[in-house]
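So the structure is just underneath, and the comments pick up after that.
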Amino acid sequence: MVAGRKRHRRHRSPPSAVGLRTELKATLLLALPIVGGQLLSVAMNVADTMLAGHLSTRVLAAVAMGYQIWVMALLIVLGLMLALTPTVAQLDGAGRRAETGTVFRQALWLALVLGIGLFVAVRASEPLLRGFGVGAEILPDAVAFLDAISWGTFPLALFFACRYFSEGLSLTRPPLYFGVVGFLALVPLAWALMYGRLGLPALGARGAGYAHAAVLWLQAGAFLWYIARRRHYAEAAPFAAFEFPRADVLLPLLRIGLPMGIAIVMEGGLFVATALLAGSLGTIPAAAHQIAINVASIAFMVPLGIGMAATVRIGNAVGRGDADGLARAANASLLLTLATQVFAAALLLGVPGVVVAAYTGDAAVGSIAIGLLGLAAVFQLSDGLQALFNGALRGLKDTFVPMLITIAAYWGVGFGLGWWLGVERGGGVRGLWIGLIAGLTASALGLGWRFAGQLSARRRALEASRFHAAHNLSPPAEGQA
(Lines give C-alpha, C1' and ligand atoms only; values in the text may rest on other atoms or scores of the structure.)
Protein backbone atom coordinates (compact mmCIF):
# COMPACT_ATOMS: atom_id res chain seq x y z
CA MET A 1 0.00 0.00 0.00
CA VAL A 2 2.78 2.42 0.94
CA ALA A 3 4.70 1.51 -2.20
CA GLY A 4 1.56 2.15 -4.24
CA ARG A 5 1.20 5.60 -2.71
CA LYS A 6 4.86 6.32 -3.42
CA ARG A 7 4.44 5.27 -7.05
CA HIS A 8 1.40 7.53 -7.30
CA ARG A 9 3.36 10.46 -5.91
CA ARG A 10 6.21 9.86 -8.36
CA HIS A 11 3.77 10.21 -11.28
CA ARG A 12 2.26 13.48 -10.09
CA SER A 13 2.94 16.51 -12.25
CA PRO A 14 5.58 18.91 -10.99
CA PRO A 15 4.35 22.15 -9.38
CA SER A 16 5.26 24.15 -12.50
CA ALA A 17 3.02 21.92 -14.65
CA VAL A 18 0.17 22.17 -12.13
CA GLY A 19 0.59 25.96 -12.11
CA LEU A 20 0.49 26.10 -15.91
CA ARG A 21 -2.67 23.99 -16.02
CA THR A 22 -4.31 26.30 -13.50
CA GLU A 23 -3.25 29.32 -15.53
CA LEU A 24 -4.52 27.74 -18.76
CA LYS A 25 -7.91 27.22 -17.14
CA ALA A 26 -8.00 30.76 -15.72
CA THR A 27 -6.98 32.31 -19.06
CA LEU A 28 -9.48 30.20 -20.98
CA LEU A 29 -12.34 31.06 -18.62
CA LEU A 30 -11.44 34.74 -18.95
CA ALA A 31 -11.00 34.57 -22.72
CA LEU A 32 -14.14 32.63 -23.67
CA PRO A 33 -16.63 35.42 -22.87
CA ILE A 34 -14.32 37.94 -24.58
CA VAL A 35 -14.14 35.75 -27.68
CA GLY A 36 -17.91 35.34 -27.59
CA GLY A 37 -18.41 39.10 -27.34
CA GLN A 38 -15.95 39.71 -30.17
CA LEU A 39 -17.65 37.12 -32.35
CA LEU A 40 -21.03 38.71 -31.74
CA SER A 41 -19.59 42.11 -32.65
CA VAL A 42 -18.29 40.73 -35.92
CA ALA A 43 -21.55 38.82 -36.40
CA MET A 44 -23.33 42.15 -36.59
CA ASN A 45 -21.18 43.06 -39.59
CA VAL A 46 -21.61 39.57 -41.02
CA ALA A 47 -25.39 39.93 -40.72
CA ASP A 48 -25.29 43.24 -42.60
CA THR A 49 -23.06 41.70 -45.26
CA MET A 50 -25.33 38.69 -45.76
CA LEU A 51 -28.46 40.84 -45.89
CA ALA A 52 -26.80 43.20 -48.38
CA GLY A 53 -25.47 40.31 -50.47
CA HIS A 54 -28.95 38.86 -50.93
CA LEU A 55 -30.35 42.31 -51.72
CA SER A 56 -27.89 42.96 -54.57
CA THR A 57 -24.19 42.76 -55.39
CA ARG A 58 -24.09 46.57 -55.67
CA VAL A 59 -25.49 47.06 -52.16
CA LEU A 60 -23.10 44.41 -50.82
CA ALA A 61 -20.12 46.26 -52.32
CA ALA A 62 -21.44 49.64 -51.05
CA VAL A 63 -21.90 48.41 -47.47
CA ALA A 64 -18.47 46.77 -47.67
CA MET A 65 -16.79 50.03 -48.74
CA GLY A 66 -18.70 52.17 -46.24
CA TYR A 67 -17.95 49.75 -43.45
CA GLN A 68 -14.22 50.19 -44.05
CA ILE A 69 -14.49 53.84 -43.03
CA TRP A 70 -16.61 52.90 -40.03
CA VAL A 71 -13.99 50.34 -39.01
CA MET A 72 -11.38 53.11 -38.87
CA ALA A 73 -13.57 55.07 -36.45
CA LEU A 74 -14.16 51.92 -34.42
CA LEU A 75 -10.43 51.18 -34.25
CA ILE A 76 -9.60 54.69 -33.04
CA VAL A 77 -12.08 54.30 -30.18
CA LEU A 78 -10.96 50.76 -29.43
CA GLY A 79 -7.27 51.69 -29.32
CA LEU A 80 -7.68 54.63 -26.98
CA MET A 81 -10.15 52.90 -24.68
CA LEU A 82 -7.99 49.77 -24.46
CA ALA A 83 -5.75 51.74 -22.10
CA LEU A 84 -8.44 51.12 -19.49
CA THR A 85 -7.84 47.36 -19.38
CA PRO A 86 -4.15 47.24 -18.27
CA THR A 87 -4.62 50.30 -16.04
CA VAL A 88 -7.60 48.78 -14.24
CA ALA A 89 -6.05 45.27 -14.21
CA GLN A 90 -2.83 46.44 -12.56
CA LEU A 91 -4.75 48.47 -9.95
CA ASP A 92 -7.00 45.47 -9.28
CA GLY A 93 -4.02 43.11 -9.03
CA ALA A 94 -2.43 45.45 -6.49
CA GLY A 95 -5.61 45.40 -4.35
CA ARG A 96 -6.60 48.97 -5.29
CA ARG A 97 -9.98 48.33 -6.92
CA ALA A 98 -11.49 51.40 -5.25
CA GLU A 99 -9.28 53.61 -7.45
CA THR A 100 -10.59 52.11 -10.69
CA GLY A 101 -13.87 54.02 -10.49
CA THR A 102 -12.05 57.31 -10.97
CA VAL A 103 -10.31 55.91 -14.05
CA PHE A 104 -13.68 54.88 -15.50
CA ARG A 105 -15.29 58.27 -14.85
CA GLN A 106 -12.46 60.01 -16.63
CA ALA A 107 -12.74 57.57 -19.53
CA LEU A 108 -16.35 58.71 -20.01
CA TRP A 109 -15.07 62.23 -20.76
CA LEU A 110 -12.72 60.74 -23.31
CA ALA A 111 -15.66 58.86 -24.84
CA LEU A 112 -17.60 62.11 -25.20
CA VAL A 113 -14.77 63.85 -27.06
CA LEU A 114 -14.16 60.83 -29.30
CA GLY A 115 -17.85 60.45 -30.10
CA ILE A 116 -18.22 64.07 -31.24
CA GLY A 117 -15.00 64.11 -33.25
CA LEU A 118 -15.69 60.85 -35.04
CA PHE A 119 -19.29 61.84 -35.82
CA VAL A 120 -17.94 64.75 -37.83
CA ALA A 121 -15.16 62.69 -39.43
CA VAL A 122 -17.39 59.80 -40.57
CA ARG A 123 -19.89 62.18 -42.17
CA ALA A 124 -17.09 63.91 -44.08
CA SER A 125 -15.45 60.77 -45.47
CA GLU A 126 -16.76 60.83 -49.04
CA PRO A 127 -13.51 62.39 -50.39
CA LEU A 128 -11.56 59.49 -48.87
CA LEU A 129 -13.73 56.97 -50.71
CA ARG A 130 -13.27 58.92 -53.94
CA GLY A 131 -9.52 59.10 -53.35
CA PHE A 132 -9.31 55.32 -53.24
CA GLY A 133 -11.15 55.09 -56.53
CA VAL A 134 -14.38 53.55 -55.22
CA GLY A 135 -16.62 53.18 -58.28
CA ALA A 136 -19.41 55.65 -59.08
CA GLU A 137 -22.00 52.84 -58.97
CA ILE A 138 -21.03 52.04 -55.36
CA LEU A 139 -20.30 55.50 -53.94
CA PRO A 140 -23.84 56.90 -53.28
CA ASP A 141 -24.94 53.89 -51.24
CA ALA A 142 -21.61 53.81 -49.35
CA VAL A 143 -22.04 57.48 -48.37
CA ALA A 144 -25.66 56.87 -47.34
CA PHE A 145 -24.54 54.00 -45.08
CA LEU A 146 -21.91 56.23 -43.43
CA ASP A 147 -24.30 59.15 -42.87
CA ALA A 148 -26.68 56.81 -41.07
CA ILE A 149 -24.16 54.86 -38.97
CA SER A 150 -22.37 58.08 -37.87
CA TRP A 151 -25.14 58.56 -35.27
CA GLY A 152 -23.59 55.62 -33.44
CA THR A 153 -20.14 57.10 -32.77
CA PHE A 154 -20.84 58.37 -29.23
CA PRO A 155 -22.58 55.20 -27.96
CA LEU A 156 -19.77 53.18 -29.55
CA ALA A 157 -17.22 55.05 -27.40
CA LEU A 158 -19.41 54.65 -24.30
CA PHE A 159 -19.77 50.93 -24.89
CA PHE A 160 -16.01 50.43 -25.24
CA ALA A 161 -15.40 52.41 -22.03
CA CYS A 162 -17.80 50.12 -20.18
CA ARG A 163 -16.39 47.01 -21.78
CA TYR A 164 -12.71 47.60 -21.08
CA PHE A 165 -13.41 48.79 -17.54
CA SER A 166 -15.33 45.57 -16.91
CA GLU A 167 -12.70 43.36 -18.54
CA GLY A 168 -9.92 45.06 -16.53
CA LEU A 169 -11.79 43.93 -13.41
CA SER A 170 -11.82 40.35 -14.85
CA LEU A 171 -15.59 40.67 -15.37
CA THR A 172 -15.67 39.47 -18.96
CA ARG A 173 -19.20 38.08 -19.14
CA PRO A 174 -21.16 41.37 -19.21
CA PRO A 175 -19.77 42.43 -22.63
CA LEU A 176 -20.90 39.03 -23.91
CA TYR A 177 -24.41 39.62 -22.56
CA PHE A 178 -24.72 42.93 -24.37
CA GLY A 179 -23.20 41.46 -27.51
CA VAL A 180 -26.06 38.95 -27.54
CA VAL A 181 -28.59 41.75 -27.00
CA GLY A 182 -27.07 43.77 -29.84
CA PHE A 183 -27.01 40.91 -32.32
CA LEU A 184 -30.57 39.80 -31.56
CA ALA A 185 -31.79 43.38 -31.98
CA LEU A 186 -29.77 44.13 -35.13
CA VAL A 187 -30.81 41.24 -37.37
CA PRO A 188 -34.57 41.95 -37.49
CA LEU A 189 -34.10 45.72 -37.45
CA ALA A 190 -31.56 45.72 -40.29
CA TRP A 191 -33.74 43.29 -42.29
CA ALA A 192 -36.79 45.52 -41.86
CA LEU A 193 -34.98 48.76 -42.70
CA MET A 194 -33.00 47.36 -45.65
CA TYR A 195 -35.83 45.41 -47.29
CA GLY A 196 -38.81 47.57 -46.26
CA ARG A 197 -40.52 45.09 -43.97
CA LEU A 198 -42.81 45.51 -40.92
CA GLY A 199 -44.21 48.73 -42.31
CA LEU A 200 -40.79 50.44 -42.54
CA PRO A 201 -39.37 52.03 -45.72
CA ALA A 202 -36.89 50.07 -47.85
CA LEU A 203 -33.66 52.03 -47.23
CA GLY A 204 -31.07 49.56 -48.52
CA ALA A 205 -27.53 50.46 -47.39
CA ARG A 206 -28.79 53.47 -45.42
CA GLY A 207 -31.09 51.15 -43.45
CA ALA A 208 -28.12 49.01 -42.43
CA GLY A 209 -26.42 52.13 -41.02
CA TYR A 210 -29.46 53.28 -39.05
CA ALA A 211 -29.95 49.80 -37.61
CA HIS A 212 -26.34 49.68 -36.41
CA ALA A 213 -26.54 53.12 -34.78
CA ALA A 214 -29.80 52.30 -32.98
CA VAL A 215 -28.39 49.05 -31.60
CA LEU A 216 -25.24 50.83 -30.34
CA TRP A 217 -27.41 53.24 -28.32
CA LEU A 218 -29.28 50.26 -26.86
CA GLN A 219 -26.05 48.45 -25.92
CA ALA A 220 -24.34 51.49 -24.37
CA GLY A 221 -27.37 52.50 -22.30
CA ALA A 222 -27.96 48.98 -21.04
CA PHE A 223 -24.28 48.50 -20.13
CA LEU A 224 -24.14 51.78 -18.16
CA TRP A 225 -27.29 50.77 -16.27
CA TYR A 226 -25.78 47.33 -15.54
CA ILE A 227 -22.54 48.79 -14.15
CA ALA A 228 -24.50 51.20 -11.95
CA ARG A 229 -26.71 48.47 -10.49
CA ARG A 230 -24.59 45.32 -10.16
CA ARG A 231 -22.78 44.55 -6.90
CA HIS A 232 -19.70 43.27 -8.76
CA TYR A 233 -18.75 46.89 -9.49
CA ALA A 234 -19.72 48.26 -6.07
CA GLU A 235 -16.18 48.40 -4.65
CA ALA A 236 -15.04 50.44 -7.65
CA ALA A 237 -17.97 52.87 -7.10
CA PRO A 238 -17.95 54.00 -10.75
CA PHE A 239 -20.77 56.54 -10.30
CA ALA A 240 -20.02 57.62 -6.74
CA ALA A 241 -19.39 61.25 -7.69
CA PHE A 242 -19.33 63.67 -10.58
CA GLU A 243 -15.84 64.65 -11.68
CA PHE A 244 -14.62 67.19 -14.18
CA PRO A 245 -11.77 66.06 -16.47
CA ARG A 246 -8.57 65.41 -14.51
CA ALA A 247 -5.19 65.67 -16.21
CA ASP A 248 -3.52 63.38 -13.64
CA VAL A 249 -5.78 60.50 -14.76
CA LEU A 250 -6.40 61.30 -18.42
CA LEU A 251 -2.77 61.96 -19.37
CA PRO A 252 -1.49 58.53 -18.21
CA LEU A 253 -4.40 56.92 -20.07
CA LEU A 254 -3.50 58.84 -23.20
CA ARG A 255 0.20 57.99 -22.86
CA ILE A 256 -0.74 54.33 -22.98
CA GLY A 257 -3.74 54.65 -25.27
CA LEU A 258 -2.42 56.90 -28.03
CA PRO A 259 0.35 54.51 -29.14
CA MET A 260 -2.13 51.63 -28.90
CA GLY A 261 -4.66 53.61 -30.89
CA ILE A 262 -2.11 54.42 -33.59
CA ALA A 263 -0.92 50.79 -33.71
CA ILE A 264 -4.45 49.42 -33.99
CA VAL A 265 -5.39 52.00 -36.62
CA MET A 266 -2.25 51.08 -38.58
CA GLU A 267 -3.15 47.41 -38.38
CA GLY A 268 -6.80 47.94 -39.23
CA GLY A 269 -5.83 50.59 -41.74
CA LEU A 270 -3.95 48.00 -43.76
CA PHE A 271 -7.13 45.94 -44.07
CA VAL A 272 -9.22 49.02 -44.81
CA ALA A 273 -6.80 50.22 -47.48
CA THR A 274 -6.75 46.74 -48.99
CA ALA A 275 -10.56 46.70 -49.08
CA LEU A 276 -10.71 50.14 -50.69
CA LEU A 277 -8.14 49.07 -53.29
CA ALA A 278 -10.25 45.96 -53.92
CA GLY A 279 -13.20 48.31 -54.44
CA SER A 280 -11.26 50.13 -57.13
CA LEU A 281 -10.83 46.82 -59.00
CA GLY A 282 -14.59 46.48 -59.57
CA THR A 283 -17.81 45.33 -57.93
CA ILE A 284 -17.09 41.57 -58.12
CA PRO A 285 -13.57 41.70 -56.57
CA ALA A 286 -14.86 44.10 -53.89
CA ALA A 287 -17.73 41.76 -52.98
CA ALA A 288 -15.44 38.69 -52.94
CA HIS A 289 -12.93 40.47 -50.75
CA GLN A 290 -15.64 41.50 -48.29
CA ILE A 291 -16.86 37.92 -47.94
CA ALA A 292 -13.36 36.54 -47.38
CA ILE A 293 -12.35 39.27 -44.94
CA ASN A 294 -15.59 38.72 -43.01
CA VAL A 295 -14.71 35.07 -42.55
CA ALA A 296 -11.09 35.86 -41.66
CA SER A 297 -12.33 38.43 -39.13
CA ILE A 298 -14.47 35.81 -37.43
CA ALA A 299 -11.45 33.52 -37.10
CA PHE A 300 -9.36 36.42 -35.78
CA MET A 301 -11.73 37.06 -32.89
CA VAL A 302 -10.47 33.95 -31.08
CA PRO A 303 -6.78 34.96 -30.76
CA LEU A 304 -7.84 38.56 -30.21
CA GLY A 305 -9.91 37.43 -27.24
CA ILE A 306 -7.00 35.37 -25.90
CA GLY A 307 -4.74 38.42 -26.32
CA MET A 308 -7.20 40.55 -24.35
CA ALA A 309 -7.33 37.91 -21.62
CA ALA A 310 -3.52 37.94 -21.60
CA THR A 311 -3.64 41.72 -21.03
CA VAL A 312 -5.67 41.15 -17.88
CA ARG A 313 -3.72 38.15 -16.56
CA ILE A 314 -0.35 39.76 -17.19
CA GLY A 315 -1.56 43.08 -15.77
CA ASN A 316 -2.79 41.31 -12.63
CA ALA A 317 0.58 39.53 -12.22
CA VAL A 318 2.49 42.80 -12.59
CA GLY A 319 0.18 44.46 -10.04
CA ARG A 320 0.82 41.61 -7.58
CA GLY A 321 4.57 41.70 -8.21
CA ASP A 322 4.39 38.01 -9.22
CA ALA A 323 7.28 37.10 -11.57
CA ASP A 324 6.32 33.41 -11.79
CA GLY A 325 2.68 34.27 -12.44
CA LEU A 326 3.80 36.59 -15.22
CA ALA A 327 5.64 33.74 -16.97
CA ARG A 328 2.72 31.34 -16.52
CA ALA A 329 0.28 33.86 -17.99
CA ALA A 330 2.52 34.31 -21.05
CA ASN A 331 3.00 30.57 -21.60
CA ALA A 332 -0.68 29.71 -21.16
CA SER A 333 -1.87 32.34 -23.64
CA LEU A 334 0.75 31.24 -26.18
CA LEU A 335 -0.33 27.58 -26.01
CA LEU A 336 -3.98 28.52 -26.41
CA THR A 337 -3.24 30.72 -29.42
CA LEU A 338 -1.21 28.07 -31.22
CA ALA A 339 -3.96 25.49 -30.75
CA THR A 340 -6.78 27.71 -31.95
CA GLN A 341 -4.95 29.00 -35.02
CA VAL A 342 -4.01 25.55 -36.30
CA PHE A 343 -7.69 24.59 -36.02
CA ALA A 344 -8.81 27.78 -37.82
CA ALA A 345 -6.42 27.20 -40.72
CA ALA A 346 -7.65 23.62 -41.13
CA LEU A 347 -11.26 24.80 -41.16
CA LEU A 348 -10.66 27.48 -43.79
CA LEU A 349 -8.90 24.97 -46.05
CA GLY A 350 -11.50 22.26 -45.49
CA VAL A 351 -14.91 23.82 -46.22
CA PRO A 352 -14.49 27.14 -48.10
CA GLY A 353 -17.32 26.47 -50.56
CA VAL A 354 -19.88 25.90 -47.81
CA VAL A 355 -18.87 29.14 -46.10
CA VAL A 356 -19.02 31.27 -49.24
CA ALA A 357 -22.43 29.87 -50.23
CA ALA A 358 -23.89 31.40 -47.08
CA TYR A 359 -22.96 34.86 -48.36
CA THR A 360 -23.77 34.84 -52.06
CA GLY A 361 -25.16 32.83 -54.93
CA ASP A 362 -23.09 34.76 -57.49
CA ALA A 363 -20.72 32.21 -59.06
CA ALA A 364 -18.12 34.81 -60.10
CA VAL A 365 -17.96 36.34 -56.63
CA GLY A 366 -17.90 32.92 -54.97
CA SER A 367 -15.03 31.62 -57.07
CA ILE A 368 -12.75 34.51 -56.12
CA ALA A 369 -13.82 34.38 -52.46
CA ILE A 370 -12.94 30.66 -52.18
CA GLY A 371 -9.43 31.39 -53.46
CA LEU A 372 -9.02 34.20 -50.94
CA LEU A 373 -10.04 31.92 -48.07
CA GLY A 374 -7.11 29.68 -48.98
CA LEU A 375 -4.81 32.67 -48.52
CA ALA A 376 -6.57 33.51 -45.24
CA ALA A 377 -5.66 30.03 -43.98
CA VAL A 378 -1.99 30.80 -44.64
CA PHE A 379 -1.91 33.85 -42.36
CA GLN A 380 -3.86 32.35 -39.43
CA LEU A 381 -0.76 31.59 -37.35
CA SER A 382 0.98 34.95 -37.84
CA ASP A 383 -2.30 36.84 -37.37
CA GLY A 384 -3.00 35.02 -34.11
CA LEU A 385 0.51 35.47 -32.74
CA GLN A 386 0.66 39.20 -33.47
CA ALA A 387 -2.72 39.64 -31.71
CA LEU A 388 -1.44 37.72 -28.70
CA PHE A 389 1.88 39.59 -28.45
CA ASN A 390 0.09 42.92 -28.76
CA GLY A 391 -2.25 41.98 -25.92
CA ALA A 392 0.59 40.69 -23.75
CA LEU A 393 2.62 43.87 -24.28
CA ARG A 394 -0.43 45.96 -23.34
CA GLY A 395 -0.52 44.06 -20.04
CA LEU A 396 3.01 45.35 -19.42
CA LYS A 397 1.90 48.86 -20.50
CA ASP A 398 4.51 48.69 -23.27
CA THR A 399 2.89 50.43 -26.24
CA PHE A 400 5.31 52.83 -27.97
CA VAL A 401 7.80 50.37 -29.53
CA PRO A 402 4.99 47.97 -30.53
CA MET A 403 3.42 50.91 -32.35
CA LEU A 404 6.61 51.45 -34.36
CA ILE A 405 6.86 47.73 -35.16
CA THR A 406 3.25 47.71 -36.32
CA ILE A 407 3.67 50.71 -38.60
CA ALA A 408 6.79 49.26 -40.23
CA ALA A 409 5.30 45.78 -40.66
CA TYR A 410 1.89 46.71 -41.98
CA TRP A 411 2.70 49.72 -44.10
CA GLY A 412 6.35 49.24 -44.97
CA VAL A 413 5.97 45.54 -45.77
CA GLY A 414 2.28 44.68 -46.08
CA PHE A 415 0.82 47.62 -47.96
CA GLY A 416 3.91 48.18 -50.06
CA LEU A 417 4.04 44.58 -51.27
CA GLY A 418 0.27 44.37 -51.71
CA TRP A 419 0.17 47.54 -53.80
CA TRP A 420 3.06 46.36 -55.96
CA LEU A 421 1.64 42.88 -56.57
CA GLY A 422 -2.05 43.77 -56.75
CA VAL A 423 -2.03 47.09 -58.59
CA GLU A 424 1.35 47.68 -60.22
CA ARG A 425 1.87 44.07 -61.33
CA GLY A 426 -1.80 43.48 -62.09
CA GLY A 427 -2.21 40.63 -59.63
CA GLY A 428 -5.62 41.89 -58.56
CA VAL A 429 -7.15 41.05 -55.23
CA ARG A 430 -4.91 37.99 -54.73
CA GLY A 431 -1.85 40.23 -54.91
CA LEU A 432 -3.36 42.47 -52.25
CA TRP A 433 -3.86 39.47 -49.99
CA ILE A 434 -0.28 38.30 -50.40
CA GLY A 435 0.68 41.71 -49.03
CA LEU A 436 -1.54 41.04 -46.01
CA ILE A 437 0.26 37.76 -45.36
CA ALA A 438 3.67 39.47 -45.51
CA GLY A 439 2.62 42.32 -43.20
CA LEU A 440 1.09 40.03 -40.58
CA THR A 441 4.15 37.77 -40.59
CA ALA A 442 6.53 40.72 -40.14
CA SER A 443 4.37 42.03 -37.29
CA ALA A 444 4.29 38.66 -35.50
CA LEU A 445 8.08 38.32 -35.68
CA GLY A 446 8.76 41.87 -34.51
CA LEU A 447 6.24 41.84 -31.67
CA GLY A 448 7.36 38.38 -30.56
CA TRP A 449 10.95 39.63 -30.30
CA ARG A 450 9.81 42.68 -28.32
CA PHE A 451 7.66 40.67 -25.92
CA ALA A 452 10.40 38.14 -25.21
CA GLY A 453 12.77 40.94 -24.23
CA GLN A 454 10.20 42.83 -22.15
CA LEU A 455 9.02 39.69 -20.37
CA SER A 456 12.56 38.78 -19.36
CA ALA A 457 13.33 42.32 -18.16
CA ARG A 458 10.08 42.62 -16.16
CA ARG A 459 10.58 39.23 -14.51
CA ARG A 460 14.09 40.21 -13.42
CA ALA A 461 12.77 43.48 -12.02
CA LEU A 462 9.98 41.76 -10.08
CA GLU A 463 12.35 39.10 -8.70
CA ALA A 464 14.83 41.77 -7.62
CA SER A 465 12.07 43.75 -5.88
CA ARG A 466 10.86 40.61 -4.11
CA PHE A 467 14.39 39.76 -2.97
CA HIS A 468 15.00 43.24 -1.59
CA ALA A 469 11.61 43.27 0.16
CA ALA A 470 12.24 39.84 1.72
CA HIS A 471 15.62 40.97 3.10
CA ASN A 472 14.50 44.45 4.16
CA LEU A 473 16.87 46.06 1.67
CA SER A 474 16.42 49.26 -0.24
CA PRO A 475 14.88 48.74 -3.68
CA PRO A 476 17.36 48.44 -6.53
CA ALA A 477 18.44 51.58 -8.29
CA GLU A 478 17.03 52.36 -11.74
CA GLY A 479 18.57 50.04 -14.30
CA GLN A 480 20.01 47.61 -11.73
CA ALA A 481 17.02 45.26 -11.55
Test result for Leu250, among the hydrophobic types (A, V, I, L, M, F, W, C), open to solvent by less than 50 Å² (accessible area, probe 1.4 Å) and either part of a helix (DSSP H, G or I) or over 21 Å from Leu80 (Cβ atoms) (or both): yes
Name every residue in region 119-134 that is open to solvent by 20 Å² or more (accessible area, probe 1.4 Å) and either at pLDDT 90 or above or not in a helix (DSSP H, G or I) (or both), in order of residue number. Phe119, Val120, Ala121, Arg123, Ala124, Phe132, Gly133
All but one of (1) surrounded by fewer than 18 Cβ atoms within 10 Å (Cβ to Cβ); (2) out of contact with any Ser or Thr (no Cβ under 9 Å at 6 or more places or on another chain); (3) free of Cβ contacts under 8 Å to residues at least 60 places away in the same chain; (4) not β-branched (Val, Ile, Thr) hold for Leu203, so report the exception by its number. (1)
The listed residue being in a helix (DSSP H, G or I), among the small types (Gly, Ala, Ser) and in contact with a Pro (Cβ under 7 Å, 6 or more places away or on another chain), out of Gly319, Gly315: Gly315
Here is a check on your reading of the model: is Leu417 open to solvent by 30 Å² or more (accessible area, probe 1.4 Å) and within 22 Å of Pro259 (Cα to Cα)? no
Any residue at all in region 63-72 that is surrounded by 19 or more Cβ atoms within 10 Å (Cβ to Cβ), touching a residue at least 60 places away in the same chain (Cβ under 8 Å) and not in a helix (DSSP H, G or I)? no
Residue check: is Thr102 farther than 20 Å from Gly269 by Cβ and among the β-branched types (Val, Ile, Thr)? yes
Answer yes or no as to whether Val103 is of a type in the set (A, V, I, L, M), crowded, with 18+ Cβ neighbours inside 10 Å, in contact (Cβ under 8 Å) with a residue 40 or more places away in the chain and assigned to a loop (DSSP other than H, G, I, E, B). no
Look at region 220-246 and say how many of its residues are within 21 Å of Leu176 (Cα to Cα) and open to solvent by 60 Å² or more (accessible area, probe 1.4 Å). 7
Of these, Ile370, Ile437, Ile407, which one is touching a residue at least 60 places away in the same chain (Cβ under 8 Å), assigned to a helix (DSSP H, G or I) and over 17 Å from Ile264 (Cβ atoms)? Ile437
Quick one: is Ala444 under 22 Å from Val312 (Cβ atoms), open to solvent by less than 40 Å² (accessible area, probe 1.4 Å) and more than 24 Å from the chain's Cα centre (by Cα)? no
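The values are calculated or read from the model by the stated rules, or taken from the named source; none is laboratory data. Remember, predicted model here, so these are calculated numbers, not experimental data. A quick note on method: Cβ atoms are made from the backbone with ideal geometry, for glycine too, and the neighbour counts reach across all protein chains shown. Only protein heavy atoms, including side chains, enter the accessible area calculation; ligands, DNA and RNA are left aside. Shrake-Rupley method; radii C 1.70, N 1.55, O 1.52, S 1.80 Å.
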